[in-house]
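The values are calculated or read from the model by the stated rules, or taken from the named source; none is laboratory data. These figures come from a predicted structure and were not determined experimentally. FYI the Cβ positions are ideal-geometry reconstructions off the backbone, even for glycines, and counts take in every protein chain you see. Note: accessible area is taken over every heavy atom of the protein model, side chains too, but ligands, DNA and RNA are not part of it. Shrake-Rupley method; radii C 1.70, N 1.55, O 1.52, S 1.80 Å.
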Amino acid sequence: MRLNVFKIPTGQVKALKSKLDSKGLTSIKELELDGWNGDFLFSESPDPGKIPWITNFAEFFGQRDVANVSYFGVILLHKKKSCYAICFGKSHFYVRPHCDFDFGIELSKRIADANDITQTSARRFQGKQKKDIRSFGARARLNIPPGESVDFLQAAIIPAKKESYGATGKFGVSALVSPPIQPSELGNFLSSIEKELKRTERFKLPRTLLLKDKAEIARYDEQLLDELTAPVGLSDIATATFDLFGVDFIFSSQGSFTLKCGHYKAKDLDQLTMKEVKAYIKEKDIPREKLLQLKITHRREGEPEFTQSIKEAIDFISDEDRVVLTQGKWLQFNQDYLDYLDASIRQIRVEEVEQDFLKIADIEGDFNAKLSESGYEVADRDFSIFRTSSGTAVEAWDLKKGGTVYAVKFGTAQKLNYVCDQAMNVLELMHNRANVQRIPDFDSYCLWFGYRATKLPANLADSGSIILKQKVDAWARRCEELGIIPKLKMSLKIDPVHDSLAGVHAS
């Protein structure tokens, strides 16, 4: 028996029941199973779904009324302070916003075999590739690159648990397993899950964890509102590639979108980016206190239409707090994720800083010019080095010495993000060689940071900025893919007026 199981926090049970009722699910049988009580909810009269290609060729169908009818259901069971939903058909679309987002992965860490992985899905928060799905051959060992947050595993069940959960499982927000049981044994099955979740995890997994404190969530919601009202921000609309509903991947295809906020007139779009969202907010003059009411309806051929709140549609990182908004939930990077990322940063070669440049009081242009006296070739503002066939002006780097080129940037961690993006763009142009007329020879690419702080970190891994570390990690990986050695170099950027202040030194 294949079961797609979601865990429901007690605070979400009432809202979930209301949602299921609004979608036409009614109880067809009350259940009492080994101390678990609840209902089997079923869509007895589901709304027919329109089929886009039939609409396009309506004249060929004459008077035929053709539509898709898709039945769906939910078994909802609770015992004391625990509640689970077992989903059938499309009901997972309605259950997911109300579920415990950590449940599926947490269960996998207790019953999945880390030495027999079939498939993984992970998210990256910087770089061109935000999500990916990897499939493996027989008995592949779990191996997660730094900078990735795992949100899905398909794996064999450990031998000791196969009799309870079946041979294999899929674990995401929910858990899809195949226990060899009868419907009357569902209560015992859920009780066994409860026991597993109390056991010690069998392996580590870099990922994000759900924030539950209401005061913290409210504070981050205010940061989201700041982001939505800022002319330029750091967020993206998460409509690319695919999404994960429980353990089901929903792949994007060509479609359309509708923006709607309360009583404000809706706007239809063929593509959706933060630029369009911000333009809609400005055009309709939507006040700050109503912004979280903004809804986005997605229409994709062959898939059910669904609507997301703006909060569910945005990917946004609160850098200082190491918190990310994704799928409508505020999540915090777990310690495994931070440890993996820091270990990756520490593996990047560090170039020793010359004694004269341990502290930098110059502005970037003057600093680059001064380096010409120390054997560096200055390339700042030189757009002739790197030529593209389209004639686009590209500033390749700032300095060159021997086989190493240097991209130089001064400022706080937030400002240093810019040079990572610029360096990544250069690498992408080099990768797409058809667009480049000439590529200069070099062996190493070095990011030279003039780090503005009271004290220079001993290593970039010791920086408090998770976004900067994510960007540097993505850049370094891209360098290695192109056969280029990534390097880091860090000086302390100081205010020339306060050059002699105590406590400002490099370490």
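Run the dipole for the chain about the Cα centre, Lys and Arg Cβ at +1, Asp and Glu Cβ at -1, nothing else charged, and hand back the magnitude in debye, nearest 20.
1060
Using 23 Å as the Cα-Cα cut-off, could you pick out the over-long pairs in Lys7/Lys471; Lys14/Lys80; Lys81/Lys214? Kindly include the intermediate steps, with their values, before the conclusion.
Numbers: Lys7/Lys471 34 Å; Lys14/Lys80 15 Å; Lys81/Lys214 19 Å.
From Lys7/Lys471; Lys14/Lys80; Lys81/Lys214, over 23 Å: Lys7/Lys471.
How tilted is helix 214-229 with respect to the longest principal axis of the chain? Cα atoms for both, answer in degrees (0 to 90, nearest 10).
60
Could you order peptides 187-193, 3-9, 216-222 by the average number of other Cβ atoms within 10 Å of their residues, highest first? Before the final figure, lay out each step's value.
Numbers: 187-193: 19.0, 3-9: 22.7, 216-222: 13.1.
With the highest mean Cβ count within 10 Å placed first, the list reads 3-9, 187-193, 216-222.
Can you give me the angle between helix 413-431 and the longest principal axis of the chain, using Cα atoms only, in degrees from 0 to 90, rounded to the nearest 10?
Tilt of helix 413-431: around 90 degrees.
Ignoring ligands, DNA and RNA, what percent of the accessible area of the range 151-208 is carbon or sulfur (1.4 Å)? Mind showing how you got there, number by number?
Numbers: 1250 of 2550 Å².
That share works out to 49 percent.
How big, in percent, is the set of alpha carbon pairs in the range 277-372 lying more than 19 Å apart?
69
Using every alpha carbon pair in the range 80-181, what percent of pairs falls into each 5 Å bin from 0 up to the bin containing the largest distance?
Histogram of Cα-Cα distances, whole percents per bin: 3, 12, 20, 21, 20, 14, 7, 2, 0, 0.
Work the Kirkwood hydrodynamic radius out for the range 159-238: mean of 1/r over every pair of different alpha-carbon atoms, inverted, in Å.
16.9
Over the chain, give the accessible area per residue in Å² for a 1.4 Å probe, as an integer.
The answer is 50 Å² per residue.
Taking 1 over the mean of 1/r across every pair of different Cα atoms in the range 1-155, what Kirkwood radius in Å do you get?
Working: mean 1/r = 0.0535 Å⁻¹.
For the range 1-155, the Kirkwood estimate is 18.7 Å.
For a 25 Å ceiling on Cα separation, which of these pairs sit above it: Lys131/Lys290; Lys90/Lys311; Lys455/Lys487? Spell out each step's value before the answer.
Details: Lys131/Lys290 31 Å; Lys90/Lys311 22 Å; Lys455/Lys487 21 Å.
Long pairs (Cα-Cα over 25 Å): Lys131/Lys290.
Under a no-solvent Debye model with one identical scatterer per Cα of the chain, what's log10 I(q)/I(0) at q = 0.06, 0.07, 0.12 Å⁻¹?
-0.37, -0.49, -1.21
Using the Karplus curve 6.51 cos²θ - 1.76 cosθ + 1.60 with θ = phi - 60°, work out ³J(HN,Hα) for each residue of the range 463-475 in order, rounded to whole Hz, and write x for Gly and Pro.
The phi angles translate into 5, x, 8, 6, 5, 4, 5, 4, 5, 5, 4, 5, 5 Hz.
Which cross-chain or sequence-distant (5 or more) residues have an amide H under 5 Å from the amide H of Asp398, H modelled 1.01 Å from N in plane?
The answer is Tyr406, Ala407, Val408.
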